[in-house]
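The values are calculated or read from the model by the stated rules, or taken from the named source; none is laboratory data. None of these values were measured; they are calculated from a predicted model. As a convention, Cβ positions derive from the backbone with ideal geometry for all residues, glycine included, and neighbour counts pool all protein chains shown. Note: accessible area is taken over every heavy atom of the protein model, side chains too, but ligands, DNA and RNA are not part of it. Shrake-Rupley method; radii C 1.70, N 1.55, O 1.52, S 1.80 Å.
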Amino acid sequence: MKGVVFLGDRQAEVREFEDVGPGPGEVRIRLRSSGMCGSDLHSYRQPAAERSNVDIRPGHEPCGEVAELGAGVTEVSLGDRVMIHHYKGCGHCRYCREGYNQLCQNPGPENLYYGGSAHGGHGETMVCPARLCVPLPDELTFDEGAMLACGSSTAWLALEKMAVSGRDTVAIFGQGPVGLAGTMLAVAMGARVIAVDLSDARLAMATKAGAAEVVNPANGDVTERIRALTNGEGADASLEAAGAQATRKAAATSVRVFGRTALVGERGEVTWEATPDIIHRHLTIYGSWTVSIPGMAETARFVVDKKVPLQSMVTGRVAIDDAPAAYERFDKQDTGKMVIAWD
Ligand SMILES: [Zn+2]
Ligand SMILES: [Zn+2]
């Protein structure tokens, strides 16, 4: 079977892999769509000398059909359309029981990350425990399922923590796949969205996705611009999906007194001035990391019921042979969602 690997230094390669069957409790998934996520770019860009797991297929947004059942599997049936929660976890600690396998309290070989430390979705098939499969509603495409397996559900959980509603103006920093999904979901929750990005192409997508206003920080101070759009007060809430120091700072300073902000963009640092930025403004700051297994199902249900047009985010669907070229394109960070697809 064919699969993709990241060699480091922005090089991806398609290789032939041995097709391994499922063990007890596991299933083999025939991939139909595998999302390219912004966080994949960290390993894609890693210097080759520092790159570990070079032989592991990336892809932590897998979506496909159950193609083979291991011994004892009762959770799913052959042919089921499923999304995969990409953290294995021990399955029985406090956080695994809540479906937050990414927070598993038992370190060790069980703590696999599909698409990182174990083969993920960037291959024709993948094997994982059946308990990680989340049913994909009939109304949704495999591409939408792939997006819900990480990026879109990440945005949903952060918005849910902030209890975003029709009373809110929400500033969303970064209009890559996570931020753009955040824009669509916040609009579906009834909010007025101010979309922020350095790419005018991405801001145009945000407008199409329902953002009421767009702000490009290249054209002036973003906090001042957002205050100008909110009667001088600031947004009610903000979502930071860019993962940069400057946008984290602005995500806090651009919300009003008693405002709330959620951070999902990973890595790096932030420096806030405790008193003027946070304390004297009564700010609530949330951290949010992907989603739980029940949360993924709940997000999918929301997307169906609210008719969130997730599929319209997809600007690139490529065959696996074209994955290296697709990553070169995705690396420029001015596209919509890109997926490896098997039609
Ligand atoms: Zn991701
Ligand atoms: Zn656990």
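Here are some notes:
- Failed criterion for residue 327 (all others in (1) farther than 23 Å from residue 189 by Cβ; (2) open to solvent by 10 Å² or more (accessible area, probe 1.4 Å); (3) in contact with a helix residue (DSSP H, G or I) (Cβ under 7 Å, 6 or more places away or on another chain); (4) not assigned by TED's automatic domain parsing to the domain that holds residue 237 hold): (2)
- Boolean, residue 95 is within 16 Å of ligand 1 (Cβ to nearest atom) and hydroxyl-bearing (Ser, Thr, Tyr): no
- Whenever a residue of region 139-156 is under 12 Å from residue 314 (Cα atoms) and modelled with pLDDT under 95, it has no partner that is open to solvent by 10 Å² or more (accessible area, probe 1.4 Å) and away from ligand 1 (no atom under 11 Å from the Cβ) lying with C-beta atoms less than 9 angstrom away and at least six residues away or across chains.
- Annotation: residue 157 fulfils all but one of (1) within 21 Å of residue 299 (Cβ to Cβ); (2) of a type outside the set (Ser, Thr, Tyr); (3) within 15 Å of ligand 1 (Cβ to nearest atom); (4) buried (at least 24 other Cβ atoms within 10 Å of the Cβ); the unmet one is (4).
- Out of 92, 60, one residue alone is more than 20 Å from the chain's Cα centre (by Cα), under 24 Å from residue 295 (Cα atoms), part of a loop (DSSP other than H, G, I, E, B) and of a type outside the set (A, V, I, L, M, F, W, C). It is 92.
- All of (1) within 16 Å of ligand 2 (Cβ to nearest atom); (2) of a type in the set (Gly, Ala, Ser); (3) touching a Cys at 6+ places or on another chain (Cβ under 6 Å) hold for residue 91 with one exception: (3).
- Scanning region 24-41 for residues that are open to solvent by less than 20 Å² (accessible area, probe 1.4 Å) and away from ligand 1 (no atom under 11 Å from the Cβ) yields 27, 29, 31, 33, 34.
- Check on residue 126, out of contact with any His (no Cβ under 7 Å at 6 or more places or on another chain), outside any loop (DSSP other than H, G, I, E, B) and open to solvent by less than 50 Å² (accessible area, probe 1.4 Å): no
- Condition met for residue 44 (among the hydroxyl-bearing types (Ser, Thr, Tyr) and within 16 Å of ligand 2 (Cβ to nearest atom)): no
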